[in-house]
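K.L.:
Starting off with a structure, shown below.
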Number of protein chains: 4
Amino acid sequence: MKAARLHRYHDPLKVEELDEPKITGPNDVIVRIGGAGLCRTDLHIQEGQWAEKSGVELPYTPGHENAGWVYEVGSAVTNVVPGDTVIVHPLVTCGLCRACRAGDDVHCVNSAFPGIDVDGGFADLLKTTARSVVKLAPTLHPKDIAALADAGLTAYHAVRKAAPLLYPGTKVVVIGSGGLGHIGIQSLRALTPAEIIVVDPSERALALAGEMGADHTVQVDGKQVDTVLELTGGAGAEVIIDFVGEKGAIEDGVAMLRQAGSYFVVGYGENINVPTIDIISREINFIGNLVGSYNDLDELMTLTAQGQVHLHTSIYPLDAVNDAMADLDNGRLQGRGILIPAGAA
Amino acid sequence: MKAARLHRYHDPLKVEELDEPKITGPNDVIVRIGGAGLCRTDLHIQEGQWAEKSGVELPYTPGHENAGWVYEVGSAVTNVVPGDTVIVHPLVTCGLCRACRAGDDVHCVNSAFPGIDVDGGFADLLKTTARSVVKLAPTLHPKDIAALADAGLTAYHAVRKAAPLLYPGTKVVVIGSGGLGHIGIQSLRALTPAEIIVVDPSERALALAGEMGADHTVQVDGKQVDTVLELTGGAGAEVIIDFVGEKGAIEDGVAMLRQAGSYFVVGYGENINVPTIDIISREINFIGNLVGSYNDLDELMTLTAQGQVHLHTSIYPLDAVNDAMADLDNGRLQGRGILIPAGAA
Amino acid sequence: MKAARLHRYHDPLKVEELDEPKITGPNDVIVRIGGAGLCRTDLHIQEGQWAEKSGVELPYTPGHENAGWVYEVGSAVTNVVPGDTVIVHPLVTCGLCRACRAGDDVHCVNSAFPGIDVDGGFADLLKTTARSVVKLAPTLHPKDIAALADAGLTAYHAVRKAAPLLYPGTKVVVIGSGGLGHIGIQSLRALTPAEIIVVDPSERALALAGEMGADHTVQVDGKQVDTVLELTGGAGAEVIIDFVGEKGAIEDGVAMLRQAGSYFVVGYGENINVPTIDIISREINFIGNLVGSYNDLDELMTLTAQGQVHLHTSIYPLDAVNDAMADLDNGRLQGRGILIPAGAA
Amino acid sequence: MKAARLHRYHDPLKVEELDEPKITGPNDVIVRIGGAGLCRTDLHIQEGQWAEKSGVELPYTPGHENAGWVYEVGSAVTNVVPGDTVIVHPLVTCGLCRACRAGDDVHCVNSAFPGIDVDGGFADLLKTTARSVVKLAPTLHPKDIAALADAGLTAYHAVRKAAPLLYPGTKVVVIGSGGLGHIGIQSLRALTPAEIIVVDPSERALALAGEMGADHTVQVDGKQVDTVLELTGGAGAEVIIDFVGEKGAIEDGVAMLRQAGSYFVVGYGENINVPTIDIISREINFIGNLVGSYNDLDELMTLTAQGQVHLHTSIYPLDAVNDAMADLDNGRLQGRGILIPAGAA
């Protein structure tokens, strides 16, 4: 099969022939890739930023946002059969630890992360397990939803955790209306009656936010904190969801937060650096957010099938992976970049 | 009546004659003080650290941990009558805003804070309202429980919020076994089945922690993080409750926290300063904690009446307020200092 | 002032002159009625069914769904001034008990219920207290929202309690698309992403349900249980909200309930009569629902102001109260009947 | 191996030689039984009451409360090895459905129930899967904890669901202090600060309840409802946990329930038969309870290891299974009956 592989950090990926993955365990599932999302993390991987953290040996195949069709299954697999359309939860999990049993499989104590620490989906085929495939309606095309497997799932997960705080009359500020942000806005619209305020420096991103259901859009112009405070009657918002995490977003976000409010950290880059006296006197919270659980992904696919969540994508053939990465790096990529193996379109 | 008043920042308090407070509103309640807790915040007030924040005009009377007997009530008061033994919730709240109606009166949008921004309880009499008095069994003496009104209530509130995370098999680390910490440990014992690990530099404090119900005590000796990790199977604790908030406590606490764990900030002093990449990759939370609600105080008084929570106190006559403050400042005060007006013993 | 009063059970109400209510307590508020909803409970009151339960002495004035303008306030009232547009929470509550402080004022231990056990709103003026008035935008007319004060609030309250169970992919069955049901459907639409199935015998009611946002409407035709099971993949719905409570609704509803599902009882009439073996082997729940809290009412008014909840009403002058009651009794009343005092239109 | 099998309904079990179970799937685990609890359900099975419900074909082996040592494992099993001491969760679950992933494996859509619908643990060996074994400290003997696998787990599960309702100052009534009840009381003691009131007709059972941590014991003497109301200040208890479900327990329990309280149904026999008007006007809830999840069992084993939960047992050799069943049927069995295969003691 073909795969786009990283042989040396900082080098372009190499699209080459590779042996097909083999079923080795009874719960294994091999998926024929229909679309693989390209993520900013893939750029960081190429630059070696994850080398130590993941401990992966080169060469290997990135790609952690995958959807496709089941190709082959192990002897104990009962939930899918070859030919089924599936989206792939990014983690391979054990199903035995407390976290896996408690709706929190992301904190499985025995997990692997294809595309990060083992071979991923920039290839014709991907190996995962029965626990990680969500079966979809055959009418859905993998390329249209692949990027929900990680970017979309992360945004949805944060919204799902924030939703119980958002009753009628509350306000939520979404910082950053990009790839994750626009899924976040749609998820907020679907799950909560809160008033949605979106903050972003880009006019185009704010226009998109409006289409996705934002009630107010606020451009980053130096007065964004005042504008948000005005929109919230001077008190700030009950919830901030920060998809940026750098370049002033954090200071802004904390200043926009209401007493007893919660700040959901999704984007990363800089530090949360807040005096404890402020945390206690305002009784505010900072909530970390990683990718969502399998059940979260299943819910997100329901919203997608109901037409409540749409992804904006740009398609590239797998062979053009390095072009796609260059476009992403240079801000030329509109929507989420999706790589498609030859023959999968 | 007599009151200990602050006339100028940095000066000692002056115990002097003052007009008795008057009932002016129909919901007012005047309490004859039986005991008023002395708090480190009172030292900070004297030093002027709260001058700007509170905006209080000098002279005024500090004292925000008060218990006593009802002395006089306004025309609309129905829940207490003169002579009733009461502990006084530290805030005066409106009862009309959403927060007051939703179990979160601490975030009342129209509150006052006797002892901070209006006259407090270092006096024979204190003025509050019907909404802030918790009626107690007449057998309880105010001096024995006054310090639960703020210090104890803060510790209990944090524990109450943490309790749903603490099922059998979980671990909680209490950082700091002082005035708040020892109430926190007893509250954890009463409310949760978690294994309690207490970290403190002082041997005496750790011995007290053991008596209060700690399962493990860990001295701050440079290896405290390793020791706690060992006690938690290498994974860290599901919950950290930090009653210190400075001098290395925060770095230690974050390092002792399990994936997906929650860090309860109670003590203050330094900053929470953590990279967002750590917050999201570990999916950890920082939870601010202020003083508890009226209902929290009512619950804490129930535990006290049941003998599940005990306070350690040192008694001073109100006239000796400056001695008490000096003892507190110099570490000579054992347990919580309680000021008692003449005739109230 | 004019008031419609019940002098003898089973007699028509008598519209007559009555002394205006007087401010007697510092927290009292007198409201000039702009609209008072007519409820089936008012028929039951007239028939004497509530005589023993309420213990009210005749003659008195019914009317427990009230909105209008503030007319006069007691000396301690700070949240409204004469002229303010308000909707009136049906209960007068103490603000001091645990329930009032914990977001559950409906279970206040010292409450009164104007229109049930003291004089209500079928009159020019109604006496309540500061704690029970929700201030509205002056552009809202009381007659358009009065019936949300009890009927709408009850429906909203049940939905608010059910909402945490209703994530994407779940189904909720609404039994009964009448006065409460159509508010329930709109509230479900606003608060949850669940698929809404509405069951009712009336084609017209089902057509209205569709307009309000139902995903599926099922006519009661003897096969309604099978139809719902089919719509839920054979498993039943995670949540049933039963606005009927009689005439077969309960048996149907229990049969439509999924394993581990919850049955919200709102309508009343017959018994819940289910073998304990079924309750435990299916692990199902029955959840009682009374009218909502003040905060619930505030949230419902937010949804109304946002245009997410609409009431269908028919207007009658207060003088025609007995015509309105007859129309309600005979099924001639479309939407919710609203009584308007002379001069309030 | 030896097994006690049911060949015909109403006949005694037959202890006979049977082929050993074989590993057939990669996740299978075969457990050498160290102790198998005898349950009233086993009597009902023998009498044929479960014949239709379970659909099991005769002959087969009952026994659904099992603990022992791992004997053999399938090729994909990683969490236990032969020789490990284990308690066996009563259900065999798929690990793939939403319920299994959401902490609610009891509602797995693909489960089996050894001892009910396939061969159970009244035998030398039992076949289950990797997902159902909880590894224990080797110092624990299976016979001492086997009955926690179902009876204990059911009681714990109900308490675990009730615990969030039970803050300091609340009261909980436990109806029935038998096999399940005495685990329930100990679990309440460990998990909650509530005041525990135990109601039972038997003096001996009440004495045991006192030892287990009940604050008040109330004998069923015709005045038990009044006594409980008195103990709860006339208001009733926030929570009732009914381990009986027949012979007047339900009527009593509903009468002992506070406004807005919750009635946990565990024992079964008769019907919950309550007017909907009472359910809504008191806003009370009925909560069904089945056996607990795997994570619940893990928590219960933690409490057991900590010495917070003890089981009372009577030991019988497996060969004496019919004697044990007769003793249970005739009320001669003290504590929980445990069957032990030859050589397992």
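K.L.:
Suppose all protein chains stay in the model; what accessible area per residue would a 1.4 Å probe give for the protein assembly as shown, in Å²?
P.N.:
That works out to 36 Å² for each residue.
K.L.:
I would also like to ask the following. Pairs of alpha-carbon atoms within less than 8 angstrom and 6+ residues apart define the contacts here; what relative contact order does chain D have, in percent?
P.N.:
Taking the mean separation of contacting Cα pairs over the length of chain D, I get 18 percent.
K.L.:
Output, in nm with one decimal and in ascending order, the distances from the residue C:234 label point to the matching label points of the other copies (7 Å from Cα along Cα-to-Cβ).
P.N.:
Those separations, rounded to one decimal, come out as 4.5, 5.5, 6.1 nm.
K.L.:
For region C:75-105, state which residues have at least 30 Å² less accessible area in the presence of all protein chains than in their chain by itself, taking the probe as 1.4 Å and leaving out ligands, DNA and RNA.
P.N.:
C:96, C:98, C:101
K.L.:
Between residue D:292 and residues 5 or more places away or on another chain, which pairs have amide H atoms under 5 Å apart, with H built 1.01 Å from N, and which residues are they?
P.N.:
When sequence neighbours closer than 5 places are left aside, the close amide H contacts are D:154, D:157.
K.L.:
What figure in square angstrom, to the nearest 10, would you give for the accessible area of residue C:140 with a 1.4 Å probe?
P.N.:
The accessible area comes out at roughly 40 Å².
K.L.:
Springs between alpha-carbon pairs under 10 angstrom, Gaussian network model over chain A: which of A:199, A:15, A:88 fluctuates most?
P.N.:
Top of the fluctuation ranking is A:15.
K.L.:
Follow-up question, since we're still on this one. For a quick check, take a GNM of chain A with Cα springs below 10 Å and name the residue from A:328, A:229, A:96 with the largest mean-square fluctuation.
P.N.:
Its mean-square fluctuation being the largest, the pick is A:96.
K.L.:
Report the charge-dipole magnitude of chain A in Debye, nearest 20, computed about the Cα centre from +1 at each Lys and Arg Cβ and -1 at each Asp and Glu Cβ.
P.N.:
For chain A, the charge dipole is close to 620 debye.
K.L.:
Another question, if that's okay. If the elastic network links every pair of Cα atoms under 10 Å, which of A:161, A:53, A:135 fluctuates the most in the Gaussian network model of chain A?
P.N.:
The residue with the greatest mean-square fluctuation here is A:53.
K.L.:
Also: In region A:147-181, which residues become less accessible by 30 Å² or more once every protein chain is in place, relative to the chain on its own, using a 1.4 Å probe?
P.N.:
In region A:147-181, residues shielded by partner chains: A:160, A:167, A:168.
K.L.:
Share of region B:153-288's accessible area from carbon and sulfur, percent, 1.4 Å?
P.N.:
Within region B:153-288, the accessible surface is 49 percent carbon and sulfur.
K.L.:
Further question on the same structure: Mind checking the dipole of region B:153-288: about its Cα centre, +1 per Lys or Arg Cβ, -1 per Asp or Glu Cβ, Debye to the nearest 20?
P.N.:
For this selection, approximately 400 debye.
K.L.:
Need the C-alpha centroid separation for region A:282-324 versus region A:205-254, integer Å.
P.N.:
With region A:282-324 and region A:205-254 each reduced to a Cα centre, they are spaced 21 Å.
K.L.:
While we're looking at this one, here's another question. With every protein chain kept in the model, how would you rank D:171, D:22 by accessible area, 1.4 Å probe, largest at the top?
P.N.:
Ranked from most to least accessible, the order is D:22, D:171.
K.L.:
Here's another thing I want to ask about it. Answer rounded, prolate or oblate for region A:153-288, using the Cα gyration tensor with square roots of eigenvalues a ≥ b ≥ c: rounded when a/c is under 1.5, else prolate when a/b is larger than b/c, else oblate.
P.N.:
It comes out rounded by the Cα gyration axes.
K.L.:
Using a 1.4 Å probe and counting only protein heavy atoms, arrange B:177, B:75 so the residue with the most accessible area comes first.
P.N.:
Result, largest first: B:75, B:177.
K.L.:
May I ask for the net charge around residue B:134, where only other residues with Cβ less than 15 Å from the Cβ of residue B:134 are counted and Lys, Arg are +1 while Asp, Glu are -1?
P.N.:
Residues near residue B:134 contribute -4 overall.
K.L.:
Right, here's the next one. Measure off, as a whole percent, the carbon and sulfur share of the 1.4 Å-probe accessible area of region D:5-65, all protein chains present.
P.N.:
46 percent
K.L.:
Calculate the all-directions average of the projected area of region A:176-240's alpha-carbon convex hull, and give it in nm².
P.N.:
4.1 nm²
K.L.:
When N counts the residues of region A:289-345, how does its alpha-carbon radius of gyration compare numerically with 2.2 N^0.38 Å, as a ratio?
P.N.:
Normalised Rg, Cα atoms only: 1.39.
K.L.:
Something else now. Per 0.36 nm of contour for each residue apart, how much would the distance between residue D:203 and residue D:44 grow if the chain were fully extended, relative to their Cα-Cα spacing?
P.N.:
That pair, residue D:203 and residue D:44, stretches by 54.6 nm at full extension.
K.L.:
On each of the three principal axes of the Cα atoms of the protein assembly as shown, give max minus min coordinate, whole Å, ordered largest first.
P.N.:
Principal-axis extents of the protein assembly as shown (Cα, largest first): 87, 71, 62 Å.
K.L.:
Rounded to the nearest 100 Å², what is the buried accessible area between B and A, both sides summed, probe 1.4 Å?
P.N.:
3000 Å²
K.L.:
Which of the pairs A:127/A:161; B:2/B:22; A:14/A:127; B:135/C:135; A:53/B:171 have their Cα atoms more than 22 Å apart in this structure?
P.N.:
Distance filter (> 22 Å) returns A:127/A:161; B:135/C:135; A:53/B:171.
K.L.:
Search the structure for amide H atoms under 5 Å from the amide H of residue B:174, placed 1.01 Å from N in the peptide plane, and list their residues when 5 or more places away or on another chain.
P.N.:
Amide H neighbours of residue B:174: B:197, B:198, B:199, B:241.
K.L.:
OK, next. Which one, D:222, D:197, D:183, projects farthest toward the positive side of the charge dipole computed for region D:153-288 from Cβ point charges (K/R +1, D/E -1)?
P.N.:
D:183
K.L.:
Considering only DSSP beta bridges where both residues belong to the protein assembly as shown, give the percentage that are antiparallel (nearest 5).
P.N.:
55 percent
K.L.:
I've got another one for you. Run through the other copies and list how far each one's label point is from that of residue A:305, in nm with one decimal, shortest first; the point sits 7 Å from Cα along Cα-Cβ.
P.N.:
So the label point of residue A:305 gives 3.9, 4.1, 5.4 nm to the other copies.
K.L.:
Run the simple label-point estimate for residue A:312 and residue B:10 please: 7 Å along Cα→C-beta, distance reported in nm.
P.N.:
Label-label distance for residue A:312 and residue B:10, simple model: 6.0 nm.
K.L.:
Next question. For residue B:51, project a label point 7 Å along Cα to C-beta. Then give me every residue of region B:1-37 with its amide nitrogen under 18 Å of that point.
P.N.:
Correct set: B:5-14.
K.L.:
Can you list, shortest first and in nm, the gaps between the label point of residue D:55 and those of its counterparts in the other copies, using a point 7 Å from Cα in the C-beta direction?
P.N.:
From this label point to the equivalent ones elsewhere in the assembly: 4.7, 5.7, 7.2 nm.
K.L.:
Could you tell me whether chain B comes out rounded, prolate or oblate from its Cα gyration tensor? Rule is a ≥ b ≥ c as square roots of the eigenvalues, rounded for a/c under 1.5, then prolate if a/b exceeds b/c, otherwise oblate.
P.N.:
prolate
K.L.:
Within chain D, what percent of beta bridges assigned by DSSP are antiparallel, to the nearest 5?
P.N.:
Looking only at bridges with both residues in chain D, the antiparallel portion is about 50 percent.
K.L.:
I've got another one for you. Using helices alone, what [θ] at 222 nm do you get for chain A, with -39,500 (n - 2.57) per DSSP H run of 4 or more residues, divided over all residues and rounded to the nearest 500?
P.N.:
-7500 deg cm²/dmol
K.L.:
Follow-up question, since we're still on this one. What distance in nm lies between label points placed 7 Å from Cα along the C-beta direction at residue D:139 and residue D:281?
P.N.:
Using points 7 Å along Cα→Cβ, the separation is 5.8 nm.
K.L.:
Net charge near residue B:259: determine it from the other residues with C-beta under 9 Å of the C-beta of residue B:259, scoring Lys and Arg +1 and Asp and Glu -1.
P.N.:
+1
K.L.:
Taking the Cα centre of the protein assembly as shown as origin, work out the dipole magnitude from +1 charges on Lys and Arg Cβ and -1 charges on Asp and Glu Cβ, in debye rounded to 20.
P.N.:
0 debye
The values are calculated or read from the model by the stated rules, or taken from the named source; none is laboratory data. Everything numeric here is computed off the predicted structure, so don't read it as measured data. Ideal geometry is used to build each Cβ from the backbone, glycine not excepted, and the neighbour counts take in all protein chains shown. Ligands, DNA and RNA are excluded from the accessible area calculation, which covers all protein heavy atoms including side chains. Shrake-Rupley method; radii C 1.70, N 1.55, O 1.52, S 1.80 Å.
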